[in-house]
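Notes follow once the structure below has been shown.
The values are calculated or read from the model by the stated rules, or taken from the named source; none is laboratory data. Source: prediction; values computed, not measured. Every residue, glycine as well, gets a Cβ built from its backbone with ideal geometry; the counts of neighbours run over all protein chains shown.
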There are 2 protein chains.
Amino acid sequence: MPYQAPIRDISFTLEYICGLSALEKTGAYPDLSADLVQAILEEGGKFTAQELAPLNRIGDEHGSILKDGMVTTAPGFKEAYAKLVEGGWQGLSFPASAGGMGLPGALGVAFMEMLQSANMAFGLGPMLTMGAIEVLIRVGTDQQKEDYLSRLITGEWSASMNLTEPSAGSDVGAIRTSASPQADGSYLLKGQKIFITWGEHDCTDNIVHLVLARTDEAPGGTRGLSLFLVPKFLPDEAGEFTIRNDAWAIGLEHKLGIHGSPTCVMEYGGNTGAVGYLLGEEMRGMAMMFIMMNSARMNVGTQGVGVAERAWQQAFAYAQDRKQGRVADQNQGPASIIHHPDVRRMLVDGKAKIAAARAITYSCAIAADLAAHGDSEAVRERAKRREDFLTPLAKSYGSDIALEVTSMGVQVHGGMGFIEETGAAQHFRDARITPIYEGTNAIQAMDLIGRKLSMQGGLLFSEMLKEINVCASDCAARSDERLQGIAKHLAEAASALQRMTAWMAGPARDPADALSGATVFQTMCAETVGGHYLAVGALAADQQLQAKDPDQDAEFLQGRIDLAHYFAGAVLAAVPGMDVSISIGADTIFALSERKLAP
Amino acid sequence: MPYQAPIRDISFTLEYICGLSALEKTGAYPDLSADLVQAILEEGGKFTAQELAPLNRIGDEHGSILKDGMVTTAPGFKEAYAKLVEGGWQGLSFPASAGGMGLPGALGVAFMEMLQSANMAFGLGPMLTMGAIEVLIRVGTDQQKEDYLSRLITGEWSASMNLTEPSAGSDVGAIRTSASPQADGSYLLKGQKIFITWGEHDCTDNIVHLVLARTDEAPGGTRGLSLFLVPKFLPDEAGEFTIRNDAWAIGLEHKLGIHGSPTCVMEYGGNTGAVGYLLGEEMRGMAMMFIMMNSARMNVGTQGVGVAERAWQQAFAYAQDRKQGRVADQNQGPASIIHHPDVRRMLVDGKAKIAAARAITYSCAIAADLAAHGDSEAVRERAKRREDFLTPLAKSYGSDIALEVTSMGVQVHGGMGFIEETGAAQHFRDARITPIYEGTNAIQAMDLIGRKLSMQGGLLFSEMLKEINVCASDCAARSDERLQGIAKHLAEAASALQRMTAWMAGPARDPADALSGATVFQTMCAETVGGHYLAVGALAADQQLQAKDPDQDAEFLQGRIDLAHYFAGAVLAAVPGMDVSISIGADTIFALSERKLAP
């Protein structure tokens, strides 16, 4: 099934919902302009649709093969990777000073969405490399930057992120991999890591493993962790990377989805010891991990949007093509199923949820850009708060709707959706990992009601709520009835969110009660914020329509208002009904003891 | 992962929620007694857990093989099928006069749940055979009963149901398979059928295909369809079934799940013509199909409950076993993840939804039993109305929660859930077919707001609502605070359902508006009715607890109240919030034209 980058949706979201052009004023992106953005999106759309999308099913069918410690990726992956490098896509959103294109992270996220739509298994490689690049930019020594960073930014080499161990998944503090200092300043690592995405493959000449490990005599728990750079190939005396390090893939997982992505069991130092170099300071591994994690979380949200968009496009095309049954006003014969109200609603619902999730992830990315490059400290601080607030929502909502929309994609196909050759099932399988990795969605919810809620006296939430209420008032003041409908449901959702935020933040709130409602509260947040961003887009569309620019795509702009209007009725209107479920309390949950639960 | 039949839950549901013992008074089941029910559940639980559950993963890994028109099922399937026949399980709920055990259909559904939990792919075979048995009981000639029915009831032969063709899925009227009468009264069939479950296999000596086809000169659409019995082997002159009929599997589908179930492309009459015999009257195929369909729909709901229960048990066991992180009141070290509020909530949520869906499907089954055997016409008519009302809810809700709970099962396992060897992913894949086959859930919703809503002036709904309100009042009158909480949310949900039922049934309601909200309305119905049944169970548990019988399992009974209490807060309380989404209207949906939707 072909993929077509939804460039109108993406550029509208970037510009009119998230305010991309605000970044031009920062001076941090001298080349940034509307024309450049358009050119990048079009080129990115062409590259991903033409080179990567056709390999999606091939990757699913072939998977990767591990033999003698070497992984061979699916046919075509290596060649496609070379084209990714050739196009300089890996460095899109990294500073020109480090060899990148010097464009905003938000544009990087837009490209990332296309990459994930086209080929989620393939896209994981460049996505993991991005996290490593961010760490090296922040804490790499000059030598590390020269040796590794430059080659990661070109895409010539890739990176992997090594956290999880058999007994340490969400509980990073339980990590046991050890690192012993050597006389030359390097370390010897020993330990096993699991679920290592693109830990070994044949697409690049070298792989830079970032490994969390515990130095000798470091304390237990997360405090004792340090981050190490462990290259697959070490430099020889001539400075060429020819010496095979003792870092090997010893197993490949047999997974539900993303078959094209090699998920490795990595053995470090099983023989002579794996040589690694400390990144940043010792026992600052957690801080470094959070640099990678924040980027990864936003990217997983984007991945959810990407795979949902791909599944949606396939369902949309099928619904237009497939004729079955009749509809009330078409007596001439079988109608395309898109004319059936239920099928149409599924497609509209999916489109609206993708649009909301896209707006959240892109807003998060622009906030991150402004947090780094805003032209005043106040702007940067405010943007940082927004980034912090949106990160768990981007990750969880992007992945939640990925499950929902890819499942809808199967459903629209009817029985054909259950047949693997149709391709709808692959998206459903692929998407299932997104609520799990880079911190399960429950971990995101804990972050939201724990760290994020209490930061700066709740300012992250109150700023957002204020913005939503202003938007609702703006909608109410427009003459378009759809906008007035949106205003009502948005204001009511915001009011519910305010109420439940106060409940969560109550001084006497038992943590167990708060945790028992955290996931539902996170959904309430995401739906309200998503509906808000769609409303922001609807306001902009309305304004443009009022201006009656002869060049405008009036149908598209009307569609943006229709989409926000649908979301308000179908999603926002149900938000206030979540109160009881959020505040249900630990007693109600834990009343069901293990013995009561047992079959 | 082992499976343990949840006998306490099943027998409590049968007796205290659905009122199984009311069937004893009908006289239709002379052997029926509480002891017999217990014995059947225990034996059924043992058989399914010991013989079928261990083959579940084997079936998934091996699938079936088609060679020279013959299908070989996965290792162990044939032997297990022989044990199913030996135990007489296929005939459990069919009349003793026809060779069955003469027990209620509700008990058959309880066994069906265990069968589907143990091995969904395997369970589909006996499930499809049941539909054919019902048709033969109702319309088979004496000869057909002697030749076929008797061998289907023993399980010696199996049956398949042949409706779908490449251009006729949900639109049965588009069927093109033809049937031409022969001089001897038989017909020659010609046509291709797809998605034929257990259409060919090696577990029985003969297979009885029930095939919808169009006789010569019959009109188009559904009116012209007749049902034919097409055996794989035809009788020779000695009456032995030795002559291979021209009915062949020509393909096996490569599916997302239920790999152990052979899904065939069947070619009828590709060579000499397939000999078939008319079942019942000509051009009454649709009526016959609905006999099979009603049984199949209830069974698919049961299948959803079954696969959800299996996935739930696996998640529960994992959550008890898997240690990670710490919890507030346990500073001693890593805690089992079941102590984390979010994980506990996922498990409680799954358990409550399974219990609600089980109560709906079993209530539907008992209503069907009473509709056939009630001791007065008034009882039978009332029961028939209830069966009609509950059938679409059983099918849709059972399958909806199957998706939800199997997905939760993956999530509880974290990264391990995405690895196929863990087994959680199989349930997630298997369950995905249930909202699709035997009428998609949208088709169920159309049935609910179309046929069912208007029957007898809305009596199906008003009777149910009255019953729910009585239950809510009963709950309010108890001293237990949990029951009072349930009363409030149940009454509010019922009131919302009443409101939206009136909206749907409004005389000026545009069908497109009704259809646009049908699926959400169906969910509102199912959640309200499911919550109601859980409340009925909670009332019964409360009553038993008051009686203080020293033999009672007080912990289990308290658990039933806790479960209903959780469901009321987490699910029922959100029901009134669905109003706007249900009444959103076709204009809001269809405003998004194909051009506005296009990427």
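General observations
- Single match in B:ILE175, B:ILE207 (criterion: more than 16 Å from B:LEU278 (Cβ to Cβ), surrounded by 20 or more Cβ atoms within 10 Å (Cβ to Cβ) and not hydroxyl-bearing (Ser, Thr, Tyr)): B:ILE207
- Of all the residues in segment B:68-112, those that are touching a helix residue (DSSP H, G or I) at 6+ places or on another chain (Cβ under 9 Å), on the phi < 0 side of the Ramachandran plot and in contact (Cβ under 8 Å) with a residue 12 or more places away in the chain number 31.
- Qualifying residue in segment B:319-340 (condition: assigned to a helix (DSSP H, G or I), modelled with pLDDT of 95 or more, over 21 Å from B:ALA5 (Cα atoms) and facing chain A (nearest Cβ under 8 Å)): yes
- Filtering segment B:1-47 to residues that are within 15 Å of B:GLU309 (Cα to Cα), of a type in the set (Val, Ile, Thr) and buried (at least 22 other Cβ atoms within 10 Å of the Cβ) leaves B:ILE10, B:THR13.
- So A:SER180, is it surrounded by fewer than 18 Cβ atoms within 10 Å (Cβ to Cβ) and assigned to a strand (DSSP E or B): yes
- Put simply, of B:GLU267, B:GLU200 the only residue that is over 25 Å from A:GLY325 (Cβ atoms), touching a residue at least 12 places away in the same chain (Cβ under 8 Å), surrounded by 23 or more Cβ atoms within 10 Å (Cβ to Cβ) and touching a strand residue (DSSP E or B) at 6+ places or on another chain (Cβ under 7 Å) is B:GLU200.
- Residues (over 30 Å from B:ILE337 (Cβ atoms) and facing chain A (nearest Cβ under 9 Å)) located in segment B:402-442: B:ILE436, B:TYR437, B:THR440, B:ASN441, B:ALA442
- Odd one out for A:GLU240, checked against (1) in contact with a strand residue (DSSP E or B) (Cβ under 6 Å, 6 or more places away or on another chain); (2) at pLDDT 95 or above: (1)
- The residue that is farthest from B:ASP216 (Cα to Cα), counting only those in segment B:164-191 that are free of Cβ contacts under 8 Å to residues at least 60 places away in the same chain and either in contact with a His (Cβ under 8 Å, 6 or more places away or on another chain) or among the hydrophobic types (A, V, I, L, M, F, W, C) (or both), is B:ALA168.
- Qualifying residue in segment A:149-162 (condition: touching a strand residue (DSSP E or B) at 6+ places or on another chain (Cβ under 6 Å), among the basic types (Lys, Arg) and away from chain B (no Cβ under 14 Å)): no
- Meets criteria (without any contact (Cβ under 8 Å) to a residue 24 or more places away in the chain and on the phi < 0 side of the Ramachandran plot) for B:ALA383: yes
- None of B:GLY485, B:GLY439 is farther than 30 Å from A:SER399 by Cβ, buried (at least 18 other Cβ atoms within 10 Å of the Cβ) and within 18 Å of the chain's Cα centre (by Cα) except B:GLY439.
- Single condition A:CYS471 does not satisfy, out of (1) within 14 Å of chain B (Cβ to nearest Cβ); (2) modelled with pLDDT of 95 or more: (1)
- All of B:LEU460, B:LEU448 fail the test of being within 14 Å of chain A (Cβ to nearest Cβ), under 21 Å from the mean Cα position of the chain (by Cα), part of a helix (DSSP H, G or I) and of a type in the set (A, V, I, L, M, F, W, C), apart from B:LEU448.
- Helices (runs of 4 or more DSSP H) (entirely within segment A:499-599) containing at least 2 residues that are away from chain B (no Cβ under 14 Å): A:518-547
- Selection count, segment A:546-576, where residues are basic (Lys, Arg) and surrounded by fewer than 24 Cβ atoms within 10 Å (Cβ to Cβ): 1
- Only one of B:GLU51, B:GLU61 that is surrounded by fewer than 17 Cβ atoms within 10 Å (Cβ to Cβ) and modelled with pLDDT of 95 or more: B:GLU61
- Matching residues, segment A:241-256, being of a type in the set (D, E, K, R), farther than 19 Å from A:ARG151 by Cα and part of a strand (DSSP E or B): A:LYS255
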